[in-house]
Amino acid sequence: MKIMVVGSGGREHALVWKISQSKRVTKIYAAPGNGGMKDLAELVDIKASNTVELADFAQEENIDLTVVGPEMSLALGIVDEFRRRNLKIFGPTQKAATIESSKVFAKEFMRKNSIPTAGFQVFDSSLEAINYIRSASFPLVVKADGLAGGKGVFVCRNFEEAEESIRVIMLESKFGQSGEQVVIEEFLEGREMSFMAVSDGKRAIPLITSMDYKRAFENDQGPNTGGMGAISPAPQINTNLFDNIMKTIIYPAIEGLKFEGKEFRGVLYAGLMITKTGPYVLEFNVRFGDPEVQPVLLRMESDIVDLLEGAAEGNLFDIPVEWDQNVSGCVVLASKGYPLKYETGKKINGLERAKAMGVEIFHAGTQMKGGGYYTSGGRILNVCATASSLEEAMKKIYDAISFVSFDNMTFRQDIGRKSK
Ligand code: AMP
Ligand code: GLY
């Protein structure tokens, strides 16, 4: 079987790594991929946003299954393009992907389907939004409607912060069209968790839980990022909560989308706040969480290809998924300044010695030049490991990190060591 993975981050490297363990797979392509994948996959020089060219390539090479990493490709309709040509692909259609690409749609969908989420109001005028916050209680949360790379959400402690967020999103158009509408929602208190389930449109198979660390700096300070680390399982999970999430969130979402003619095939990822009164949805995503999927895949014992193919074909019936009972963690090594401004082109040292410490290192913003790796983005490397205790897993990871260096390297020292 030939499989193509679309995307170039740590998530996609972890997918390529896991897919490469399948006995069913003879060849893996990654488009565009990254330097870290080159021993496992043939890199294809097509951007993840170039959906037509990707479909042409899949057709020419007789690729049996394409797996999509980034939300942008899904929002651009890559699945629709592939399906039109009868090419098998894992991921939701453009219509179904709206549950991530429009927060306004997602919130209204949740309200309609009685899925627990924070109370909210939608505005398409900045004047009305600012008027509303004059009499609102704080803290509250201002969110740009569309995709903003995880940066379009502002938790505001007072009127001034909220006004500034509305200004940045709607008047300065920092996120372009994504900021034509804003959602203003109630602030929820609790602990966050990432919950992913693979669906074929009718059934849903949950993955084990995880938790990411979104803030840039230790003790959850600094700006929100795509994620600076993750652990699996989420510390607050138990059987009751797990069942409750499936019953009140995942199944109603899959059924509700099907009812609206947006049948969802792919991975539905609910970003949750576990409050005193139960789990609430902060957001839905339509792809694997990054970095969360990395520690999750480290614990997957089953063949992931069966799962991905079953979902793509609308036939997830009877696919058992086995998990390693160990726990796992992941720490992101980033360029200083991420998620704002950062420098690139720095030589990365010590990767081999770090790997010899029994960790997996998934690449994100790296580039191979003349036999060495150089930085080419904000999040550079993901160092991951499993062990019988979280302490042990994190020790393995941090010990391995001590061998890695590049100019302006930064990472959080507290992943897994405290709960959010
Ligand atoms: P989102 O992209 O919607 O998941 O939001 C990014 C981050 O903002 C979340 O991971 C939370 O830390 C925070 N957040 C979003 N919505 C809320 C909310 N209603 N209450 C408290 N924190 C929130
Ligand atoms: N780590 C958060 C995300 O993938 O959206």
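Some points to look at:
- Of residues in region 199-216 being surrounded by fewer than 24 Cβ atoms within 10 Å (Cβ to Cβ) and away from ligand 1 (no atom under 16 Å from the Cβ), the one farthest from L333 (Cα to Cα): K202
- Test: residue in region 221-231 that is in contact (Cβ under 8 Å) with a residue 24 or more places away in the chain, more than 16 Å from ligand 2 (Cβ to nearest atom) and not charged (D, E, K, R): no
Results for (1) in contact with a helix residue (DSSP H, G or I) (Cβ under 8 Å, 6 or more places away or on another chain); (2) acidic (D, E); (3) closer than 23 Å to V281 by Cβ, shown as yes or no for each residue.
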position: D45; (1), (2), (3): no, yes, no
position: I89; (1), (2), (3): yes, no, no
position: E100; (1), (2), (3): yes, yes, yes
position: F105; (1), (2), (3): yes, no, yes
position: N113; (1), (2), (3): yes, no, yes
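- Subset of region 92-117 that is assigned to a loop (DSSP other than H, G, I, E, B) and in contact with an Asp or Glu (Cβ under 6 Å, 6 or more places away or on another chain) - its residue that is surrounded by the most Cβ atoms within 10 Å (Cβ to Cβ): T93
- Residues (of a type in the set (G, A, S) and under 17 Å from A118 (Cβ atoms)) located in region 243-258: A253
- When each of L340, L390 is tested for being surrounded by fewer than 24 Cβ atoms within 10 Å (Cβ to Cβ), among the hydrophobic types (A, V, I, L, M, F, W, C) and closer than 29 Å to K174 by Cα, the lone residue that passes is L340.
- Unmet criterion (only one of (1) under 17 Å from S8 (Cα atoms); (2) touching a Leu at 6+ places or on another chain (Cβ under 7 Å)) for C384: (1)
- Residue selected from region 219-237 under the condition under 14 Å from the mean Cα position of the chain (by Cα), in a loop (DSSP other than H, G, I, E, B) and not polar (S, T, N, Q), by the criterion modelled with the lowest pLDDT: G226
- Put simply, of K143, K174 the only residue that is within 16 Å of ligand 2 (Cβ to nearest atom) and among the charged types (D, E, K, R) is K143.
Each row is one residue, and each column tells you yes or no for (1) aromatic (F, W, Y); (2) within 16 Å of ligand 1 (Cβ to nearest atom); (3) farther than 13 Å from S210 by Cα; (4) crowded, with 21+ Cβ neighbours inside 10 Å.
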residue	(1), (2), (3), (4)
A234	no, yes, no, yes
E255	no, no, yes, no
E260	no, no, yes, no
E263	no, no, yes, no
M273	no, yes, no, no
E283	no, yes, yes, no
G289	no, yes, no, yes
R299	no, no, no, no
E313	no, no, yes, no
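- Among the residues of region 75-91, the one identified as of a type outside the set (F, W, Y), surrounded by 19 or more Cβ atoms within 10 Å (Cβ to Cβ) and touching an Asp or Glu at 6+ places or on another chain (Cβ under 8 Å) is A75.
- Scan of region 1-32 for residues that are in a helix (DSSP H, G or I) and not hydrophobic (A, V, I, L, M, F, W, C), ordered by number: G10, R11, E12, H13, K18
- Scanning region 368-383 for residues being within 19 Å of P339 (Cα to Cα), assigned to a strand (DSSP E or B), out of contact with any Cys (no Cβ under 9 Å at 6 or more places or on another chain) and not β-branched (V, I, T) gives a total of 3.
- Which listed residue, of N244, N224, N219, is within 16 Å of ligand 1 (Cβ to nearest atom) and under 23 Å from K107 (Cβ atoms): N224
- Scanning region 187-210 for any residue that is outside any loop (DSSP other than H, G, I, E, B), of a type outside the set (D, E, K, R) and more than 21 Å from E292 (Cβ to Cβ) turns up nothing.
- Whether a residue is away from ligand 1 (no atom under 12 Å from the Cβ), among the aliphatic types (A, V, I, L, M) and surrounded by fewer than 17 Cβ atoms within 10 Å (Cβ to Cβ) was assessed, and L127 passes this test.
- Among the residues of region 266-325, just one is within 30 Å of E186 (Cβ to Cβ), among the aliphatic types (A, V, I, L, M) and in a loop (DSSP other than H, G, I, E, B), namely V286.
The values are calculated or read from the model by the stated rules, or taken from the named source; none is laboratory data. Since we're looking at a predicted model, the values are computed, not measured. Every residue, glycine among them, receives a Cβ derived from its backbone with ideal geometry; neighbour counts consider all protein chains shown.
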